[in-house]
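A.B. asks: Got a structure for you, written out below as structure tokens; questions coming shortly.
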Amino acid sequence: MDSSYLFRATLLDQLHSGQWQAGERLPTEREFGEQYQISRSTVRKVLADMKAQGLIAQTVGSGTYVTDKAVVGVSSKKTTPVNAPDAAWHTSPAELMEARMALEPAIIEMVIGNATLADFEQMDHCCTRAEAATSVEEFEVWDGMFHEIIARAAHNTFVARLFKLMNQARAQGEWGMLKKRSLTPERRLTYQSEHRALLQAIKARDPVLAKALATEHLVHVRRNLLNY
């Protein structure tokens, strides 16, 4: 698949899936170029098309931001998730946790081999936003996005789509209720610390430590949510 086409399709998917909130700044042209291995002129053209559609706004010297129009589109789609695979909407928290335990540590070597500086910056951004979150719901969004960004750093389209599906499953009411019920201030601090440690291990390109930390984090989440 052509890299510019992949960039356009992925960016549209991210905007329409609600990955970014209205007013949130997107990565820079340079960061997009590095991540998708395309020229800045190609990035600029794709962003110009998005701007023409009203999905993003650009401010000289400040950056590129998601518009309200993009978010409104997301809200209407969420009421009838016809494009989402049925599995995402009928998965129990136990099934989801089992899948996460099997898959997240398994892709660590791929992530370490392919992650770019731009990927690391996005992971760090997710950690920062999660740490600054003022509600459980906001924390859960950035918690989930942190894990999805790690998966995307594998730069494998199949892996990225699989983890997006898992993140959609996390949006189900049952998972949210369990998370809200189990997430004490102490546990939240632990999760934040574990995320930072995992990020540092990935940055250090240490697959053994990163796998161990990913597994340990998931064991803690499973124990807190499901009591085993």
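A.B. asks: Cα axis of helix 3-17 to longest principal axis of the chain: angle in degrees, 0 to 90, nearest 10?
C.D. replies: It works out to around 60 degrees.
A.B. asks: For residue 165 and residue 98 in one chain, what is 0.36 nm times their gap in residues minus the Cα-Cα distance, to one decimal in nm?
C.D. replies: Working: separation 67, 0.36 × 67 = 24.12 nm, distance 1.44 nm.
Additional length available on full extension: 22.7 nm.
A.B. asks: On to the next question. Suppose each label sits 7 Å from its Cα in the direction of the beta carbon; what would the residue 44-residue 223 distance come out to in nanometres?
C.D. replies: Between residue 44 and residue 223, the simple spin-label model gives 5.3 nm.
A.B. asks: Rounded to a whole number, what % of the accessible area of the chain do carbon and sulfur atoms account for, probe 1.4 Å?
C.D. replies: Working: 6520 of 11490 Å².
Answer for the chain: carbon and sulfur cover 57 percent of the accessible area.
A.B. asks: Can you tell me the length gained on complete extension of the stretch residue 59 to residue 5, counting 0.36 nm per residue apart and subtracting the Cα distance? Before the final figure, lay out each step's value.
C.D. replies: On the way: separation 54, 0.36 × 54 = 19.44 nm, distance 2.47 nm.
Once the chain is fully extended between residue 59 and residue 5, it gains 17.0 nm.
A.B. asks: I would also like to ask the following. Would you mind working out the magnitude of the charge dipole of the chain relative to its Cα centre, with +1 at each Lys and Arg C-beta and -1 at each Asp and Glu C-beta, to the nearest 20 Debye? Kindly include the intermediate steps, with their values, before the conclusion.
C.D. replies: Details: 27 positive and 27 negative charges, 53 e Å.
Around 260 debye, computed over the chain.
A.B. asks: If amide H atoms are built 1.01 Å from N in the plane of the peptide, which residues on other chains or at least 5 residues away come under 5 Å of the amide H of residue 24?
C.D. replies: HN-HN under 5 Å from residue 24: 66.
A.B. asks: Which one is right for this structure if Rg and Dmax of the Cα atoms in Å is calculated from it: (1) 17.4, 52; (2) 18.5, 63; (3) 18.0, 66?
C.D. replies: (1)
A.B. asks: At 222 nm, what helix-only mean residue ellipticity would the chain give, in deg cm²/dmol to the nearest 500, using -39500 (n - 2.57) for each DSSP H run of four or more? It would help to have the intermediate numbers written out before the result.
C.D. replies: Details: 13 runs with 166 residues, N = 228.
For the chain, the value works out to -23000 deg cm²/dmol.
A.B. asks: Separate question: Show 155, 217 ordered by accessible area, largest first, where the area counts protein heavy atoms only and the probe is 1.4 Å.
C.D. replies: Numbers: 155 75, 217 5 Å².
From most accessible down to least: 155, 217.
A.B. asks: With the chain treated as a Gaussian network of Cα nodes joined by springs under 10 Å, which of 197, 153, 214 yields the largest mean-square fluctuation?
C.D. replies: Most flexible of the set in this elastic network: 197.
A.B. asks: Moving on to the next point. Based on the Cβ-Cβ distance from residue 208 to residue 177, what FRET efficiency comes out when R0 is 35 Å, to the nearest 0.05? Provide the component values of the computation, followed by the final result.
C.D. replies: Working: r = 36 Å, r/R0 = 1.02.
Step by step, r from the Cβ atoms, then E = 0.45.
A.B. asks: Taking the Cα-to-Cβ direction at residue 52 and at residue 28 and moving 7 Å from each Cα, how far apart do the two end points lie in nm?
C.D. replies: In this crude label model, residue 52 to residue 28 measures out at 2.7 nm.
A.B. asks: Measure nothing but the geometry: give the 0 to 90° angle between the long axis through the Cα atoms of 207-226 and the longest principal axis through the Cα atoms of the chain, rounded to 10°.
C.D. replies: On a 0 to 90 degree scale, this one is about 70.
A.B. asks: Along the charge dipole of region 114-228, pointing to its positive end and built from +1/-1 on Cβ of Lys, Arg, Asp and Glu, which listed residue (122, 167, 198) has its Cα farthest out?
C.D. replies: 167
A.B. asks: Rounded to the nearest 10 Å², what accessible area does residue 143 have for a 1.4 Å probe in the complete protein model?
C.D. replies: Solvent-accessible area, nearest 10 Å²: 10 Å².
A.B. asks: I've got another one for you. With everything on Cα atoms, drop me the angle between helix 40-52 and the longest principal axis of the chain, reported from 0 to 90° to the nearest 10.
C.D. replies: So the helix axis and the longest Cα principal axis differ by about 90 degrees.
A.B. asks: Which value, in Å², gives the accessible area per residue of region 123-228 when a 1.4 Å probe is used on the protein heavy atoms?
C.D. replies: Numbers: 5020 Å² over 106 residues.
Using a 1.4 Å probe on heavy atoms only, each residue of region 123-228 averages 47 Å².
The values are calculated or read from the model by the stated rules, or taken from the named source; none is laboratory data. Just so it is clear, the structure is predicted and the values come from calculations on it, not from any experiment. No Cβ is skipped: glycine too gets one built from the backbone with ideal geometry, and neighbour counts run over all protein chains shown. For the accessible areas, the whole protein counts, side chains as well, though only heavy atoms, and no ligand, DNA or RNA atoms are used. Shrake-Rupley method; radii C 1.70, N 1.55, O 1.52, S 1.80 Å.
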